[in-house]
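Worksheet: the structure to be examined is printed underneath.
The values are calculated or read from the model by the stated rules, or taken from the named source; none is laboratory data. Just so we're clear, the structure is a prediction, and the values are computed from it rather than from any experiment. Cβ placement follows ideal geometry from the backbone for every residue including glycine, while neighbour counts extend to all protein chains displayed. The accessibility values were calculated without ligands, DNA or RNA, using every heavy atom of the protein model including side chains. Shrake-Rupley method; radii C 1.70, N 1.55, O 1.52, S 1.80 Å.
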Amino acid sequence: MEQTEKTIHLDDKDFLYFIGYNDQLIQAIENKFHTLITLRGSNIILKGSPSEVKSIEAIFKELGYIHRRSGTISENDLATVLELLTEQEEDYRAPQKGSKSYEIVVYHSAKGPIKTKTAKQLEYVQKVAENDIVFAIGPAGTGKTFLAVAMALAELKKNRIEKIILSRPAVETGESLGFLPGDLKEKLDPYLKPLTDALYYMLSAEKLKAYSEKNVIEIIPLAYMRGRTLSNAFIILDEAQNATVTQMKMFLTRMGNNSKVIVTGDITQIDLQNPEECGLINANKLLQNIEGIGFVYFDERDVVRHKLVARIIKAYQEEAEMKQQQKFNGKEKTQDRNA
């Protein structure tokens, strides 16, 4: 994608002071675009595609005029200017029920539109639009996490939320954290990499760095969520099959006002020492009939990775079902002998 850099010099000292003081104004504009916006002295530096840079120049020009006229800029003023001077993209809209088309644009990323690819993914987007908490349960490769990140970025782009929280349980599956090299961040990076991979696909490295530095996007282990209240946020818990019942309750009760939560996981890949403590399985039983909470279930038919992935998942699933049946038959024979 072609990139350009443009510097806007501000002669209006009052307007310059206002946008420097009101960081939310810059943040709201930056959320709307993939362009990086930096305020240095009396200059605004824009780095992005030529079309976006041109639109942002027009936005600042109009906002400067409003500020000179009234001495301030309200949220309604900003919303009106953004609406008038930006393309109206249909990111993350609720699909029409009964729609025969699987494809819907969820988010316009730096690399192009992120779209649904299957009927189940379409249902997933619809459930998130209709509910405040959604559990997405199914095998790897079905787009559970990828689409969750896309929906979160779409909400941020529309300025409906102020931040995105991405979390995972740091379950040790072989090596102990204490024996891994590096500081705490370096020890945790492997656990959180699938989340950062999705972000790097949808955002430029510079934009992701800027969001991280401003805590607009926060990626943290599940254990670090305790004691927080997360309002005006889009919160994603990935690999939730490795959260205990206690951890799942703790996570879900972090939710504050004007927030959405997505919980993703695969109950066939539990790494907990005691699988009976799986918080995802418990939540799936306990929360089914609560209004505002939705569930969507994926299977091997919904895999959108290499076609072999679906076949591999099916083979393991058939083996697990066979072992379960053998176990059941063994119990029946034991009961017959004891009768």
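If you go through region 57-80 one residue at a time, do you hit one that is hydrophobic (A, V, I, L, M, F, W, C), open to solvent by 50 Å² or more (accessible area, probe 1.4 Å) and at pLDDT 90 or above? Show your work before the answer.
At the first step, the residues of region 57-80 found to be hydrophobic (A, V, I, L, M, F, W, C) are 58-60, 63, 66, 73, 78-79.
Next cut, open to solvent by 50 Å² or more (accessible area, probe 1.4 Å) only: 79.
Remaining after also requiring at pLDDT 90 or above: none.
There is no residue in region 57-80 that is hydrophobic (A, V, I, L, M, F, W, C), open to solvent by 50 Å² or more (accessible area, probe 1.4 Å) and at pLDDT 90 or above.
Do any residues in region 134-155 that are under 14 Å from residue 197 (Cα atoms) have Cβ atoms under 6 Å from those of residues that are of a type in the set (Asp, Glu), where the two are at least six apart or on different chains, and which pairs are they?
Between residues of region 134-155 that are under 14 Å from residue 197 (Cα atoms) and residues that are of a type in the set (Asp, Glu), the close pairs are 145/238.
Please give the number of the condition residue 254 fails out of (1) in contact with a Leu (Cβ under 6 Å, 6 or more places away or on another chain); (2) more than 22 Å from residue 290 (Cα to Cα); (3) basic (Lys, Arg).
(2)
What residue, among those in region 149-164 that are out of contact with any Ser or Thr (no Cβ under 9 Å at 6 or more places or on another chain) and among the hydrophobic types (A, V, I, L, M, F, W, C), is farthest from residue 264 (Cα to Cα)?
The initial filter retains those residues of region 149-164 that are out of contact with any Ser or Thr (no Cβ under 9 Å at 6 or more places or on another chain), namely 149, 151-152, 154-160, 163-164.
Going one step further and asking which of them are among the hydrophobic types (A, V, I, L, M, F, W, C), we end up with 149, 151-152, 154, 156, 164.
Numbers: 149: 11, 151: 14, 152: 14, 154: 18, 156: 20, 164: 15 Å.
This residue is 156.
Please tell me if residue 236 is farther than 27 Å from residue 277 by Cα and buried (at least 21 other Cβ atoms within 10 Å of the Cβ). Give the derivation first.
Numbers: farther than 27 Å from residue 277 by Cα: no; buried (at least 21 other Cβ atoms within 10 Å of the Cβ): yes.
Here the answer is no, as residue 236 does not meet what is asked.
Select, from 130, 90, the only residue that is modelled with pLDDT of 90 or more, among the acidic types (Asp, Glu) and in contact with a strand residue (DSSP E or B) (Cβ under 7 Å, 6 or more places away or on another chain).
Working: 90 fails: modelled with pLDDT of 90 or more.
Step by step, each of 130, 90 is checked, and only 130 is modelled with pLDDT of 90 or more, among the acidic types (Asp, Glu) and in contact with a strand residue (DSSP E or B) (Cβ under 7 Å, 6 or more places away or on another chain).
Among (1) in contact (Cβ under 8 Å) with a residue 40 or more places away in the chain; (2) part of a helix (DSSP H, G or I); (3) out of contact with any Pro (no Cβ under 8 Å at 6 or more places or on another chain); (4) open to solvent by 50 Å² or more (accessible area, probe 1.4 Å), there is one condition residue 210 misses while meeting the rest; what is its number?
(4)
Residue by residue through region 245-301, note down the ones that are surrounded by fewer than 13 Cβ atoms within 10 Å (Cβ to Cβ), charged (D, E, K, R) and not in a helix (DSSP H, G or I).
Correct list: 291 only.
Taking the options 118, 145, name whichever one is in contact with a Ser or Thr (Cβ under 6 Å, 6 or more places away or on another chain) and either buried (at least 21 other Cβ atoms within 10 Å of the Cβ) or of a type outside the set (A, V, I, L, M) (or both). Please lay out each step first, then the result.
On the way: 118 fails: in contact with a Ser or Thr (Cβ under 6 Å, 6 or more places away or on another chain).
Unique residue meeting the criteria: 145.
Please enumerate the residues belonging to region 43-56 that are open to solvent by 30 Å² or more (accessible area, probe 1.4 Å), more than 19 Å from residue 216 (Cβ to Cβ) and either small (Gly, Ala, Ser) or part of a strand (DSSP E or B) (or both).
Answer for region 43-56, where residues must be open to solvent by 30 Å² or more (accessible area, probe 1.4 Å), more than 19 Å from residue 216 (Cβ to Cβ) and either small (Gly, Ala, Ser) or part of a strand (DSSP E or B) (or both): 43, 51, 55.
Pick out the one residue from 291, 276, 300 that is at pLDDT below 90 and of a type outside the set (A, V, I, L, M, F, W, C).
Values: 291 fails: at pLDDT below 90; 276 fails: at pLDDT below 90.
Within the list 291, 276, 300, the selection yields 300.
Six or more apart or on different chains, Cβ atoms under 6 Å: show the pairs whose first residue is in region 34-59 and within 19 Å of residue 13 (Cβ to Cβ) and whose second is open to solvent by 40 Å² or more (accessible area, probe 1.4 Å) and among the hydroxyl-bearing types (Ser, Thr, Tyr).
Close Cβ pairs satisfying both conditions: 43/7; 45/7; 45/38.
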